[in-house]
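Here the structure comes first, spelled out in structure tokens, and everything after it is commentary.
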Amino acid sequence: METIRILSTKKLLPNHKHFLLNAGMSVLEADFISIQYIAFELDTINGNLLFTSQNAFNSFLLNEKSANFKNNAIFCVGSKTKEAIQKAGYKVVAYADYAEGLADIIISNYANESFTFFSGSMRRDTLPNALTSAGINFNEIEIYKTVLSPHGIHSKINGILFYSPSGIASYLSANSITNEVCFCIGTTTAEALKGITENIVLAKKPTVENVIIQCINYYKD
């Protein structure tokens, strides 16, 4: 039987890679995006802090004044982001798997409060647009840049693991998608493939682990 060849559009942790290898797959991996942390000021901060990624929180921690905000309530997207924030000793008041869900929580329960949204250069409009439409007081501070790092893939690939719309943009700038099955971490990422392919398998949870599980299950069946 032909070996299934999988491309991960970011380098995997050793245990994640081993899951695929143990399933008899061949794994190619490369970072199709990179993160550049940038300098920023923390002098116009509202009561509640908003993070939609671990990258944003990691950049926030690099600021020498970040520890001054350990008592501020934090709202975030993603269970992994929540874990990282709590591990660093900060308080997560609410989180959701997607920005749409977090916006609903804020609008329903915290509409009279103020927020500071820490964002990246390629952030989506979902959360700020929802807060603006609801008349919620917030400001935004860009604290990192997402840089596309395309790689030309010249070997035959059966499946591609995608973790973000920017990862898809980077991949497509140097490659095309034909018959490959695309395994996506979430609905936002899958939407970036609209009109390009219908060979999409969506993770049941927006985690790297679940992307890998869906990939293994797909080819096992």
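So which residues in the stretch 57-71 are out of contact with any helix residue (DSSP H, G or I) (no Cβ under 8 Å at 6 or more places or on another chain) and under 18 Å from THR146 (Cα atoms)?
Residues satisfying the conditions are SER59, LEU61, LEU62.
Looking at ILE45, ILE4, can you tell me which residue is in contact (Cβ under 8 Å) with a residue 24 or more places away in the chain and either of a type in the set (Phe, Trp, Tyr) or more than 25 Å from LEU202 (Cβ to Cβ) (or both)?
Numbers: ILE4 fails: either of a type in the set (Phe, Trp, Tyr) or more than 25 Å from LEU202 (Cβ to Cβ) (or both).
The conditions single out ILE45.
Looking across the stretch 197-221, just one residue is among the acidic types (Asp, Glu) and not in a loop (DSSP other than H, G, I, E, B), and that is GLU209.
Scanning the stretch 177-196 for residues that are surrounded by fewer than 16 Cβ atoms within 10 Å (Cβ to Cβ) and either part of a helix (DSSP H, G or I) or touching a strand residue (DSSP E or B) at 6+ places or on another chain (Cβ under 8 Å) (or both) gives THR187, GLU191.
Of all residues in the stretch 122-151, those that are in a strand (DSSP E or B) have Cβ atoms under 8 Å from Cβ atoms of residues that are among the aromatic types (Phe, Trp, Tyr) and surrounded by fewer than 18 Cβ atoms within 10 Å (Cβ to Cβ), 6 or more apart or on another chain, in ILE141/PHE40; GLU142/PHE40; ILE143/TYR37; ILE143/PHE40; TYR144/TYR37.
Scanning the stretch 106-118 for residues that are more than 11 Å from LEU50 (Cβ to Cβ) and of a type in the set (A, V, I, L, M) yields ILE107, ALA111. For the structure I just gave you, tell me whether LYS156 is without any contact (Cβ under 8 Å) to a residue 40 or more places away in the chain and among the charged types (D, E, K, R). The answer is no for LYS156. Just one residue in the set ILE33, ILE85, ILE106, ILE74 is surrounded by 19 or more Cβ atoms within 10 Å (Cβ to Cβ) and over 19 Å from GLU142 (Cα atoms); that residue is ILE106.
Select, from SER133, SER114, the only residue that is under 28 Å from ILE168 (Cβ atoms) and either of a type outside the set (A, V, I, L, M, F, W, C) or modelled with pLDDT under 95 (or both). Give the derivation first.
Values: SER114 fails: under 28 Å from ILE168 (Cβ atoms).
Sole residue among the options that is under 28 Å from ILE168 (Cβ atoms) and either of a type outside the set (A, V, I, L, M, F, W, C) or modelled with pLDDT under 95 (or both): SER133.
Scanning the stretch 70-121 for residues that are among the acidic types (Asp, Glu) and in contact (Cβ under 8 Å) with a residue 60 or more places away in the chain returns ASP97, GLU113. Out of all the residues in the stretch 9-22, which are surrounded by fewer than 16 Cβ atoms within 10 Å (Cβ to Cβ) and part of a loop (DSSP other than H, G, I, E, B)? Hits for the stretch 9-22 are LYS11, LEU13. Taking the stretch 139-170 as the range and being among the aliphatic types (A, V, I, L, M) and at pLDDT below 95 as the test, no residue passes.
Taken over the stretch 194-221, residues that are farther than 26 Å from LEU21 by Cβ and touching a Leu at 6+ places or on another chain (Cβ under 9 Å) amount to 1.
Taking the stretch 164-176 as the range and being touching a helix residue (DSSP H, G or I) at 6+ places or on another chain (Cβ under 8 Å) and either part of a helix (DSSP H, G or I) or farther than 19 Å from SER121 by Cβ (or both) as the test, the residues that pass are PRO165, GLY167, ILE168.
Can you pull out the residues in the stretch 109-120 that are part of a strand (DSSP E or B) and surrounded by fewer than 17 Cβ atoms within 10 Å (Cβ to Cβ)?
Our first condition is that a residue be part of a strand (DSSP E or B); within the stretch 109-120, this holds for 114-120.
The one that is part of a strand (DSSP E or B) and surrounded by fewer than 17 Cβ atoms within 10 Å (Cβ to Cβ): SER114.
The values are calculated or read from the model by the stated rules, or taken from the named source; none is laboratory data. A quick note: this is a predicted structure, and the numbers were derived from the prediction, not measured. Cβ atoms come from the backbone with ideal geometry, glycine included; neighbour counts cover every protein chain shown.
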